[in-house]
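Quick notes on the structure that follows.
The values are calculated or read from the model by the stated rules, or taken from the named source; none is laboratory data. Predicted, not measured: the structure shown is a model, and the values here were computed from it. Note: ideal-geometry Cβ built from the backbone for every residue, glycine included; neighbour counts use all protein chains shown. Keep in mind that these areas ignore ligands, DNA and RNA; they rest on the heavy atoms of the full protein, side chains included. Shrake-Rupley method; radii C 1.70, N 1.55, O 1.52, S 1.80 Å.
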Amino acid sequence: MTVQDKNAPRIVSIELTPIVIPFQEIVREAMSKAGGLGMAIPAEEAWTGIDCAICVMIDEAGNVGLGESYVWWPETGTSPNQIIEVIHQALARYVLGESPFNVEQICRRMDNNVARSEAAKGLLDMACYDLMGKVRGVPACEIMGGKAADIPLAALIPLMDPDGMVYLSRMFFDDGYRTLRLKLGHGVAEDVAILRAMRKEFGGQVRIRVDYNQAYSPKEAVMAITSIEPFDIDVAEQPVAATDYVGMAYVQKRVKTPLMSHEGCFSLGDIITLAEMGAIRVVGINTERPGGITAALKAMDFATEHGIKIVIHNQSAGISSAALIHLAAARLPALGHAVELFGYVMLEDDLITSPIDYGGGIARVPAGPGWGVTLDSAALDKYATGPTVKLTIP
C-alpha cells in the first residue's frame, strides 16, 4: 500500500536506454553442454545474455528513480526498443507531470489508454516506487507496507545429465541454499532419473520445485508430474503450452503438485483467470509479470486472500533484483516459497555500483532509500545497444 503525498515533487524527466548484458563465460559453457538453453523450451536462437530497458526517472527536486525491464523474445515477445517506443509514443504522457505517489492513478490511465504492454508499463511503475522511497527517505518495502528482512533464496539448476545437475546443486547447497528449481522436460524417464539422483544426494534437506518450460501436452504432463510426485515436489511450473489455460486446468485437477504458470501469465487478469479456472495453485511474480510493482502487490494480495502461495523469481540485473527483494520483504509471510534471483550468478555485470549481498543463500534488502541501489553509468554506456531516449514535460 503506497503512502499518498500531494506535495511530492512532480516527475519531469524520463530517460530510457536499451541494453544487452552477456552471460558470464562459465554460464555460456554450462548452457552449451546442456544443449544450448539449459531448458526444454524449443527456441532456436542462442541465448547468450539478457535484453533490458533501463529507466531513469527524475523529479523536479532532482530525486532519481530507477526501473529495469528484462525481456526475452521466446517468452515476452517484445524487445527493449519496443518498450521504449511504446513509452515514447503513448505511455509517457500519463507519467510526466505526475507525482510518483499517484502511481495507482498512473497505472489506471496507462491501462485505460494502452492495451497490454505490461513490460513497458511495469518499467515506469517500478521507477515510481524507487522515486517514492527517495522522496520519503525510506526503503521501498516500507512504501509497500513491509519492512526489511532476510530473504531465503532458491538456486536455478539448468537441464543437463543427472550427475551434472547434482554437482551444481551441491555447490549451491554448500553455499547455504536450501531450495532448488530444476529444469525438466526431456522425457518422463529422464525427469524421474534427475529427481531420484537429487533425493539420493540430498534426501529431505532441500525443497525442490521443477520447471518444464511448456515441454508436454496436458496428458503427458499429468504422467510426468505424477511420476515425480513420490520425490516430494513443491511446485511444477508451466508443464504445458503457454496459451493452453484449459490444459493447465486439466493437469492441475489430476495432480497433487501445485502448478504455476510463467510463460502464459503476463497480467493481473491472467493470474485471476488461471486461479478461477483451477489451473494454478501458486502465483509466479517478477517485475515484468504481471507488469510492475503495483500489479504485483495486487496479485500477491489476491493470492493470499485465496490461499495461493507465491514464487518470486527472475534472472534480472541489479535494479530489478533489488526491486524484487523489496517486494519479497513487503509480503514475506505470504510467500511460502524461497525467492529465486539468479542474475547475479548468470550475468557478467549487474549495472549497479555496489553489489547486493546474497551470501549464504540469503538476499539482504539493500540499505538506503528506494531500492537502495545506484545505477552504474559507465556500465550502462558499455552495454547500451542504442541511444538514450530522453522525454520531458512539453
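Quick rundown of the values:
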| quantity | calculated |
| --- | --- |
| Tally, over the stretch 86-131, of residues that are touching a helix residue (DSSP H, G or I) at 6+ places or on another chain (Cβ under 6 Å), more than 21 Å from A299 (Cα to Cα) and open to solvent by less than 10 Å² (accessible area, probe 1.4 Å) | 4 |
| Of all residues in the stretch 71-85 being over 19 Å from the mean Cα position of the chain (by Cα) and in contact (Cβ under 8 Å) with a residue 60 or more places away in the chain, the one that is surrounded by the fewest Cβ atoms within 10 Å (Cβ to Cβ) | N81 |
| Cβ-Cβ under 7 Å pairs, at least 6 apart or on other chains, the stretch 42-63 side touching a residue at least 12 places away in the same chain (Cβ under 8 Å) and at negative phi, far side of a type in the set (K, R) and outside any strand (DSSP E or B) | T48/R28; D59/R10; E60/R10; N63/K134 |
| The stretch 245-262: number of residues that are buried (at least 22 other Cβ atoms within 10 Å of the Cβ) and outside any helix (DSSP H, G or I) | 3 |
| Subset of the stretch 243-268 [at pLDDT 95 or above and either small (G, A, S) or under 16 Å from I310 (Cα atoms) (or both)] | G247, A249, T257, P258, L259, M260, S261 |
| Identity of the residue in the stretch 174-214, open to solvent by 70 Å² or more (accessible area, probe 1.4 Å), of a type in the set (D, E, K, R) and touching a residue at least 60 places away in the same chain (Cβ under 8 Å), that ends up nearest to V282 (Cα to Cα) | R207 |
| The lone exception for W47 - which of (1) at pLDDT 85 or above; (2) within 26 Å of D376 (Cα to Cα); (3) assigned to a helix (DSSP H, G or I) it fails | (3) |
| Sole residue being in a helix (DSSP H, G or I), in contact with a strand residue (DSSP E or B) (Cβ under 8 Å, 6 or more places away or on another chain) and within 18 Å of L380 (Cα to Cα), chosen from S316, S320 | S320 |
| Test: A61 is of a type outside the set (K, R), at pLDDT below 95, open to solvent by 50 Å² or more (accessible area, probe 1.4 Å) and not in a strand (DSSP E or B) | no |
| Of all residues making up the stretch 285-313, the number that are in a helix (DSSP H, G or I) and farther than 13 Å from V339 by Cβ | 11 |
| Single residue of A317, A329 found to be in contact (Cβ under 8 Å) with a residue 60 or more places away in the chain, closer than 20 Å to A149 by Cβ, of a type in the set (A, V, I, L, M) and open to solvent by less than 30 Å² (accessible area, probe 1.4 Å) | A329 |
| Long-range neighbours under 7 Å by Cβ, at least six apart or interchain, first residue closer than 19 Å to C55 by Cβ and modelled with pLDDT of 95 or more within the stretch 123-145, second among the polar types (S, T, N, Q) and outside any loop (DSSP other than H, G, I, E, B) | L123/S69; D125/T294 |
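Conditions (1) among the polar types (S, T, N, Q); (2) crowded, with 17+ Cβ neighbours inside 10 Å; (3) touching a Pro at 6+ places or on another chain (Cβ under 8 Å), marked per residue:
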{"residue": "L335", "(1), (2), (3)": "no, yes, no"}
{"residue": "L341", "(1), (2), (3)": "no, yes, no"}
{"residue": "V345", "(1), (2), (3)": "no, no, no"}
{"residue": "D350", "(1), (2), (3)": "no, yes, no"}
{"residue": "P355", "(1), (2), (3)": "no, no, no"}
{"residue": "Y358", "(1), (2), (3)": "no, yes, no"}
{"residue": "I362", "(1), (2), (3)": "no, no, yes"}
{"residue": "V365", "(1), (2), (3)": "no, yes, yes"}
{"residue": "P369", "(1), (2), (3)": "no, yes, yes"}
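Residue-wise test of (1) of a type in the set (V, I, T); (2) assigned to a loop (DSSP other than H, G, I, E, B); (3) in contact with a strand residue (DSSP E or B) (Cβ under 8 Å, 6 or more places away or on another chain).
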| position | (1), (2), (3) |
| --- | --- |
| V210 | yes, no, yes |
| A215 | no, yes, no |
| D234 | no, yes, yes |
| A241 | no, yes, no |
